[in-house]
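Enquirer: This is the structure I have questions about; it appears just below.
All of the numbers you see were taken from the coordinates with simple rules; none came from a lab. This is a predicted model, so every value here is computed, not measured. FYI the Cβ positions are ideal-geometry reconstructions off the backbone, even for glycines, and counts take in every protein chain you see.
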Number of protein chains: 2
Amino acid sequence: MTTRDRIVALADDLIRDRGINAFSFADISEEMGIKNASVHYYFPTKSSLCLAVIKRQQVALEEMISLAKKSAPLDRLEQYMSIYDRSKEADRVCLVGSLAPDLHTLNEDIRVALKEVAARILEWVTEILEEGRDEGVFRFGGNARSRALLIVTNMLASLQLTRLTKSEDFSIIKKSIIKDLTS
Amino acid sequence: MTTRDRIVALADDLIRDRGINAFSFADISEEMGIKNASVHYYFPTKSSLCLAVIKRQQVALEEMISLAKKSAPLDRLEQYMSIYDRSKEADRVCLVGSLAPDLHTLNEDIRVALKEVAARILEWVTEILEEGRDEGVFRFGGNARSRALLIVTNMLASLQLTRLTKSEDFSIIKKSIIKDLTS
DNA sequence: ATTTGCCTACCTACTAAAAGGTAGGTACAT
DNA sequence: ATGTACCTACCTTTTAGTAGGTAGGCAAAT
């Protein structure tokens, strides 16, 4: 991994651990054993670093979507949920859930990119649900996008809420979502 | 309203607008037309101010719960949801949803208080659901607490996600929750 | 009745640390 | 000899927080 990639990965981790406004270039440079100015060499501003984190997420998301393309709807849904599994293990929240509360402190570029991510996730889950219903493996009321909104909000907030309640609540939420859809 | 109460109300608004780590004592003192040091007179540290915000939320929550006590389950659920309505109108997120992503930057006192709030909300919604099911007005699979987890996560994240998608999505989510329970 | 003293609710003026960011230099690889 | 990937050494602003002062209200002591 290049230094640049390591910086972005570390920033991503810090943002999802404690929020965009609670980490500094010093946190990154110290952790990496380089100097403050060297981080600025790759990312002149904090905004540019944050944007890189989001763009990376976008790439990873597209990769996951196209990798899952051939799977059955239920498998695809479980793959979607597994994104949050990995976050939960490290007690991180998701990127959208970390940045949305601080949205009003972020510049336009970042807001646009974040909106794209949110829209893409919703689109993907909507697609999975539609296909699942057509195939008869999923049952749910309302249209697929409304159902996707419910599921995405469940997943997003589960990482946040279960920081405060019990960790087991995370898997309770996951199992309930699947059960609701398949029974 | 006393100066002290105005400070707490303003801090609450700022936290839910842009996050705990993106507002300063200067934001408060300027808005109120007093000096930085005067805010410190009431709240020696930022943590103590944040704690006061959470305690205020706890009081408001208990007030709402006891005020709603005699209402029917469906009305009580709608009263619970109306908390988020008021936030959505001002494009604010909820306190738990604002602080949870930044939890690792907060001290123990605050974490404990926030856990209490989260637990109390869950308890209340669980109660409403149980009673609604017993009375035959609500239908849902799984136990009441699991269902409460789903609904609370829906509401918490709806404020965050709909900052990024469309505002109408917020009422779509609300209506879907009610419809799922009552059909 | 007036003085004395204390409390509340601010103020001025400051500090130390941390923040994001910059200018310009260097060492090595191509 | 040019670019890449760092570095040293700054700067400015903002941050949370503090020390100590003051003006007015109240209340007991003289």
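Enquirer: With only Lys, Arg, Asp and Glu charged, each at its Cβ (+1 for the first two, -1 for the last two), find how big the charge dipole of the protein assembly as shown is about the Cα centre; round to the nearest 20 debye.
Expert: 80
Enquirer: Still on this structure, I have one more. Positive end of the dipole of segment B:3-182, charges at C-beta (+1 Lys, Arg; -1 Asp, Glu), about the Cα centre: which of B:Pro44, B:Leu10, B:Leu77 has its Cα farthest in that direction?
Expert: The listed residue farthest towards the positive side: B:Leu77.
Enquirer: Mind listing the label-point distances from A:Glu62 to the same position on all other copies, shortest first, one decimal in nm, points 7 Å along Cα→Cβ?
Expert: 5.3
Enquirer: State, in angstrom, two size descriptors of chain A derived from its alpha carbons: Rg to one decimal place and Dmax to the nearest whole number.
Expert: Both quantities, over Cα of chain A: 17.7, 57 Å.
Enquirer: A further question follows. What dipole magnitude, in Debye to the nearest 20, does segment B:2-51 give about its Cα centre under +1 on Lys/Arg Cβ and -1 on Asp/Glu Cβ?
Expert: Dipole of segment B:2-51, to the nearest 20 debye: 160 debye.
Enquirer: Taking beta carbons within 10 Å but only from partner chains, what does the mean come to for residues A:22-31?
Expert: So the per-residue partner count for this stretch is 1.
Enquirer: Less than 15 Å Cβ to Cβ from B:Lys175, Lys/Arg counted +1 and Asp/Glu -1: what total charge do the surrounding residues give?
Expert: +1
Enquirer: Let me ask something else about it. Taking 24 Å as the cut-off for C-alpha to C-alpha distance, list the pairs among A:Lys175/B:Lys179; A:Lys46/B:Lys55; B:Lys115/B:Lys179; A:Lys55/B:Lys166 that go past it.
Expert: Beyond 24 Å between Cα atoms: A:Lys46/B:Lys55; B:Lys115/B:Lys179.
Enquirer: Shortest first and in nm with one decimal, please list how far the A:Ser183 label point sits from its counterparts in the other copies (point 7 Å along Cα→Cβ).
Expert: Sorted ascending, the copy-to-copy spacings read 1.9 nm.
Enquirer: So, one more: Residues of A:142-154, mean number of Cβ from any other protein chain within 10 Å of their own Cβ, rounded to a whole number?
Expert: Mean partner-chain Cβ count within 10 Å for A:142-154: 5.
Enquirer: Further question on the same structure: Per residue of B:93-99, count partner chain C-beta atoms within 10 Å of its C-beta, then hand back the mean as an integer.
Expert: 4
Enquirer: Tell me, what HN-Hα J-couplings in whole Hz come from the Karplus equation 6.51 cos²θ - 1.76 cosθ + 1.60 at θ = phi - 60° for each residue of segment B:171-183, using x for Gly and Pro?
Expert: 3J(HN,Hα) across segment B:171-183, in whole Hz: 6, 4, 4, 4, 5, 5, 4, 4, 4, 4, 6, 9, 10.
Enquirer: Once you sort the root eigenvalues of the Cα gyration tensor of the protein assembly as shown as a ≥ b ≥ c, which label holds: rounded (a/c under 1.5), prolate (a/b larger than b/c) or oblate (the other case)?
Expert: It is oblate, given that a/c is not under 1.5 and a/b is not larger than b/c.
Enquirer: Taking the Cα centroid of segment A:119-183 and of segment B:109-127, what is the distance between the two, rounded to the nearest whole Å?
Expert: So the two Cα centres are separated by 23 Å.
Enquirer: Treating only the Cβ atoms of Lys and Arg (+1) and Asp and Glu (-1) as charged, compute the dipole magnitude of segment A:3-182 about its Cα centre; round to the nearest 20 debye.
Expert: I would put it at about 140 debye.
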